[in-house]
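S.K.: Here it is: the structure, laid out below.
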Amino acid sequence: MKTYILKTLFYTALIIFCLVADYANATRVEITISKKIDRKTRVTLLPFFAKTSDSTDILLARELFSVLSFDLRHAGYFELWPEEKLPESVLERGIQYQAMDFDFWLDYATEIVIKGSYNISGSSVTIEIYCYDMATRSTLFARTVSGERSELRYLAHKISGAFIESLSGGRPSITTSKISYVVRKGVNSEIYVMDYDGQNPKQVTFENSLAINPEWLHDSSGFLYVSYRNGYPLLYLKNLTSSNIKLVSGKPGLNVHPAVSPDGKKIALTMSFNGNPEIYIIDLNGEILQRVTYDPAVDSSPTWAPDSRRLAFVSDRSGTPQIYVADYLADTVKRVTYRGTYNTSPSWNPIANSPLIVYTSMYGKNTELYLVDINTGDTRRLTTTLESEEDPSWAPDGIHISYTLTQNYRSFIYFMDVRDCIPICLTETETDSRASSWGPAYYK
Amino acid sequence: MKKHLINIISLGICVTLLAGCQTQQKGKGKSVGSDIPLSTIPADTFIDPPAEYRYIFRNILFDFDSSAIRSDMKQSLNEVSSWLIDHQGIKVRMEGHCDERGTEEYNLALGERRALSVRAYLVQQGVSPQRLFTVSYGEERPANPGHNEFAWAENRRVEFKVSQ
């Protein structure tokens with residue numbers, strides 16, 4: 001009897017603890033193989049107002065509002081609320097940004113209200129946001145950032161990123177991250193870099209040749225890429241601050257598919273100087289540290305596990321290209337995909353201990369994106385059959401992927417949240433863009 | 001009955017021994033026997049074969065997702081190898097290509113594999129590997145811009161370029 005009471009007490013305590021813990025991490029998400037739509041927190045974003053009425057700049061205020069709306073909508077934790085547009089009289093309430101009228105907002109069933117201001121002085125601008133929590137009737141988050149007016153979008157991304165990270169349970173925000181990708185130029189191609197929302201696309205290589213396979217360094221100081229500028233696919237490093245280009249690997253044959261390890265010290269890549277495409281690990285100066293595969297089949301497209309100990313790669317050792325995982329220190333190889341006869345271009349979720357790999361599978365005439373859980377072997381399709389999708393790359397938050405979508409023989413870069421799988425187009429219709437690589441969370 | 005048991009045990013031992021051999025072969029530091037390492041990248045420029053030799057250097061075609069030399073391509077490769085044996089000063093660059101299907105990433109490796117298959121075949125016919133170089137273009141440079149079976153069949157190829 002006594003034990004029964006104790007047990008009941010224990011479980012009650014446990015349930016209460018779980019409830020409390022759950023509340024504290026209201027926006028913590030877990031990305032798993034199963035398709036689930038997490039309930040999203042309702043956020044009301046009010047227009048930004050000038051701190052002093054004589055410095056009002058409608059265009060600037062609109063741009064701030066549009067950047068924050070995009071960031072919040074696509075963070076994976078929030079939905080903008082209410083769905084319909086608020087009347088002008090309600091929007092005006094943003095003027096009182098340092099005070100909160102909790103009672104007024106009760107009618108709107110919103111959970112967080114965000115108010116903001118800006119102040120322009122000369123060429124610099126200061127942005128402030130105040131985030132109010134309806135449940136606790138308190139200020140949830142407040143932040144001020146300032147900088148050059150020319151980098152307004154970056155400042156807005158920075159402030160929304162700080163807010164998102166205050167609620168994301170340790171996951172990095174992607175709002176200041178960049179995506180590198182390949183743009184076709186006749187028979188050649190060049191590498192471009194854009195913000196994660198598709199804005200500010202910039203050409204960053206001028207090879208007059210084929211430039212492919214961009215891969216970011218972890219400090220975002222530059223990226224690796226493959227160029228045929230000397231007639232062969234060699235691996236180069238482009239420094240974005242100095243614009244210097246350095247040859248990293250110039251072995252005969254392939255020097256392609258670079259993948260920087262999560263600890264930032266090593267590069268896995270496909271090389272064929274030995275007479276067959278194999279996976280190697282080199283340091284940032286191109287010195288070979290280790291050979292990973294020893295198989296007469298094609299071994300290619302390495303991607304690192306978050307622990308920097310394991311690699312996933314593609315091999316056709318079974319007769320068709322499939323995804324394998326190698327613990328290269330323990331010298332073990334395990335096949336992870338069994339469905340279909342063409343599974344390629346894997347990318348391993350960057351969040352610690354994640355068993356999820358996103359990859360491309362041929363499905364009839366088209367290619368589609370799939371997730372696989374390497375522990376269970378379960379898979380889930382992320383894309384529909386209407387177009388061809390390929391070459392996925394995880395965002396640093398482990399929630400989003402960028403990928404190439406090809407329709408009518410033209411390619412575009414898209415991204416999606418792997419939970420709801422809604423495709424968002426990032427590149428314009430005039431450019432033929434592909435092979436994206438999502439950069440680190442903190443872009444300087 | 002007892003004899004049967006002994007048979008099973010000895011069979012078991014044999015299997016274990018064989019398995020042991022196999023894992024040893026795949027172990028670290030052992031290279032796979034058939035691979036012929038590539039020579040360093042030459043400074044030579046490679047051009048399309050001159051018109052009078054173009055009938056020898058025809059494109060070598062492949063099946064989908066395969067780098068195996070097709071039996072109908074062997075005649076053509078034999079002509080290339082005997083020409084190369086007669087013209088010792090010439091270096092050859094083999095350019096591997098794929099059709100637009102499949103992923104760009106994998107096609108880059110597959111194109112190299114196709115060029116390496118042709119190289120291995122020519123080496124087997126007696127051409128020195130020091131004269132043979134490979135490059136893969138994946139699906140970047142189709143010979144036929146079409147999007148149908150005929151175009152794809154033409155695009156799954158190895159092209160020959162010769163040193164000046």
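The values are calculated or read from the model by the stated rules, or taken from the named source; none is laboratory data. Quick caveat, the model's predicted, so the values are computed rather than measured. Virtual Cβ from ideal backbone geometry, glycine too; neighbours counted across all protein chains shown.
S.K.: Which ones in segment B:110-135 are within 21 Å of A:Thr303 (Cα to Cα) and either at the interface with another protein chain (Cβ under 8 Å from one of its Cβ atoms) or charged (D, E, K, R) (or both)? Explain how you work it out, then say what you get.
M.R.: Looking only at segment B:110-135, we keep the residues that are within 21 Å of A:Thr303 (Cα to Cα), and these are B:110-113.
B:Leu110, B:Glu112, B:Arg113 - these are the residues of segment B:110-135 that are within 21 Å of A:Thr303 (Cα to Cα) and either at the interface with another protein chain (Cβ under 8 Å from one of its Cβ atoms) or charged (D, E, K, R) (or both).
S.K.: Right, something else. If you go through segment A:93-107 one residue at a time, do you hit one that is of a type outside the set (Ser, Thr, Tyr), in contact with a His (Cβ under 7 Å, 6 or more places away or on another chain) and at pLDDT 90 or above?
M.R.: There is no residue in segment A:93-107 that is of a type outside the set (Ser, Thr, Tyr), in contact with a His (Cβ under 7 Å, 6 or more places away or on another chain) and at pLDDT 90 or above.
S.K.: For segment A:364-374, what are the residues that are within 14 Å of another protein chain (Cβ to nearest Cβ) and buried (at least 17 other Cβ atoms within 10 Å of the Cβ)?
M.R.: Within segment A:364-374, A:Asn366, A:Thr367, A:Glu368, A:Leu369, A:Tyr370 meet the criteria.
S.K.: Further, regarding this structure: Can you report the number of residues in segment A:218-268 which are of a type in the set (A, V, I, L, M), under 27 Å from A:Ile351 (Cβ atoms) and away from chain B (no Cβ under 14 Å)?
M.R.: Counting residues in segment A:218-268 that are of a type in the set (A, V, I, L, M), under 27 Å from A:Ile351 (Cβ atoms) and away from chain B (no Cβ under 14 Å) gives 5.
S.K.: Can you tell me which residue among A:Ser345, A:Ser300 is at pLDDT 95 or above, facing another protein chain (nearest Cβ under 9 Å) and closer than 24 Å to B:Pro129 by Cβ?
M.R.: Just a single option satisfies the conditions, and that option is A:Ser300.
Condition check ((1) in contact with a Phe, Trp or Tyr (Cβ under 6 Å, 6 or more places away or on another chain); (2) among the aliphatic types (A, V, I, L, M)) across all residues:
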position	(1), (2)
A:His218	no, no
A:Phe223	yes, no
A:Tyr232	no, no
A:Pro252	yes, no
A:Asp263	no, no
A:Thr270	no, no
A:Ile279	yes, yes
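S.K.: Please verify whether B:Ala151 is assigned to a helix (DSSP H, G or I), more than 9 Å from chain A (Cβ to nearest Cβ) and not aromatic (Phe, Trp, Tyr), treating the condition exactly as stated.
M.R.: yes
S.K.: Given A:Arg335, A:Arg381, A:Arg317, which one is within 19 Å of the chain's Cα centre (by Cα), without any contact (Cβ under 8 Å) to a residue 24 or more places away in the chain and more than 10 Å from chain B (Cβ to nearest Cβ)? Can you show your working first?
M.R.: On the way: A:Arg335 fails: within 19 Å of the chain's Cα centre (by Cα); A:Arg317 fails: within 19 Å of the chain's Cα centre (by Cα).
Just one listed residue meets the conditions, A:Arg381.
S.K.: Something else: Of the residues in segment A:272-283, how many are within 17 Å of A:Gly250 (Cβ to Cβ), more than 7 Å from chain B (Cβ to nearest Cβ) and either assigned to a loop (DSSP other than H, G, I, E, B) or touching a Pro at 6+ places or on another chain (Cβ under 6 Å) (or both)?
M.R.: 0
S.K.: Has segment A:81-100 got any residue that is among the basic types (Lys, Arg) and farther than 28 Å from A:Gln199 by Cα?
M.R.: For segment A:81-100, residues among the basic types (Lys, Arg) and farther than 28 Å from A:Gln199 by Cα: present.
S.K.: Here are some residues: B:Asn107, B:Asn78. Which one is within 14 Å of chain A (Cβ to nearest Cβ) and more than 12 Å from the chain's Cα centre (by Cα)? Full working, then the answer.
M.R.: Working: B:Asn78 fails: within 14 Å of chain A (Cβ to nearest Cβ).
Criteria check complete, one pass: B:Asn107.
S.K.: Looking at B:Glu159 and the list (1) surrounded by 14 or more Cβ atoms within 10 Å (Cβ to Cβ); (2) assigned to a helix (DSSP H, G or I), which single condition is not satisfied?
M.R.: B:Glu159 satisfies every listed condition except (2).
S.K.: So for segment A:92-110 (the condition being under 30 Å from the mean Cα position of the chain (by Cα) and either within 30 Å of A:Ala352 (Cα to Cα) or not assigned by TED's automatic domain parsing to the domain that holds A:Phe48 (or both)), does at least one residue qualify?
M.R.: No.
Results for (1) within 17 Å of A:Ser301 (Cβ to Cβ); (2) crowded, with 17+ Cβ neighbours inside 10 Å; (3) touching a strand residue (DSSP E or B) at 6+ places or on another chain (Cβ under 9 Å), shown as yes or no for each residue.
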position	(1), (2), (3)
A:Tyr342	yes, yes, yes
A:Ile357	yes, yes, yes
A:Ser361	yes, yes, yes
A:Thr376	no, no, no
A:Trp394	yes, yes, yes
A:Thr404	yes, yes, yes
A:Arg419	no, yes, no
A:Glu430	no, no, no
A:Ser433	no, yes, yes
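S.K.: Conditions: (1) out of contact with any Gly (no Cβ under 6 Å at 6 or more places or on another chain); (2) crowded, with 18+ Cβ neighbours inside 10 Å; (3) not in a loop (DSSP other than H, G, I, E, B). A:Leu46 meets all but one. Number of the miss?
M.R.: Evaluating A:Leu46 over (1) out of contact with any Gly (no Cβ under 6 Å at 6 or more places or on another chain); (2) crowded, with 18+ Cβ neighbours inside 10 Å; (3) not in a loop (DSSP other than H, G, I, E, B) leaves (1) as the failure.
S.K.: A:Tyr409 is checked against (1) more than 25 Å from A:Gly264 (Cα to Cα); (2) crowded, with 18+ Cβ neighbours inside 10 Å; (3) among the aromatic types (Phe, Trp, Tyr) and fails just one. What number does that condition carry?
M.R.: (2)
S.K.: Restricting to segment A:56-94, give me the number of residues that are farther than 21 Å from A:Leu155 by Cβ and outside any loop (DSSP other than H, G, I, E, B).
M.R.: The total comes to 7.
S.K.: Moving on. Going through A:Glu190, A:Glu207, A:Glu215 one at a time, which residue ends up being within 14 Å of another protein chain (Cβ to nearest Cβ) and either under 29 Å from A:Thr41 (Cα atoms) or outside any strand (DSSP E or B) (or both)?
M.R.: A:Glu207
S.K.: So, one more: Restricting attention to segment B:81-104, and to residues there that are part of a helix (DSSP H, G or I) and more than 10 Å from chain A (Cβ to nearest Cβ), which single residue is surrounded by the fewest Cβ atoms within 10 Å (Cβ to Cβ)?
M.R.: B:Asp86
S.K.: Could you please give the count of residues in segment A:371-419 that are in contact with a Cys (Cβ under 6 Å, 6 or more places away or on another chain) and in a loop (DSSP other than H, G, I, E, B)?
M.R.: Of the residues in that region, 1 qualify.
S.K.: Give segment B:123-135 a look and list any residue that's within 13 Å of B:Phe160 (Cα to Cα) and either in contact with a His (Cβ under 8 Å, 6 or more places away or on another chain) or surrounded by fewer than 22 Cβ atoms within 10 Å (Cβ to Cβ) (or both), or say none.
M.R.: The one that is within 13 Å of B:Phe160 (Cα to Cα) and either in contact with a His (Cβ under 8 Å, 6 or more places away or on another chain) or surrounded by fewer than 22 Cβ atoms within 10 Å (Cβ to Cβ) (or both): B:Arg131.
S.K.: When the residues of segment A:284-296 are filtered to those that are more than 9 Å from every other protein chain (Cβ to nearest Cβ) and assigned to a loop (DSSP other than H, G, I, E, B), which remaining residue is nearest to B:Asp35 (Cα to Cα)?
M.R.: Only one residue tops the list, namely A:Thr293.
S.K.: Checking A:Gly169 against (1) part of a strand (DSSP E or B); (2) modelled with pLDDT under 95; (3) not charged (D, E, K, R), which test does it fail?
M.R.: Here A:Gly169 meets the rest and fails (1).
S.K.: Give me the residue from segment A:208-223 that is surrounded by 20 or more Cβ atoms within 10 Å (Cβ to Cβ) and within 23 Å of B:Glu139 (Cβ to Cβ) and, out of that set, nearest to the chain's Cα centre (by Cα).
M.R.: Ranking the candidates gives A:Glu215 first.
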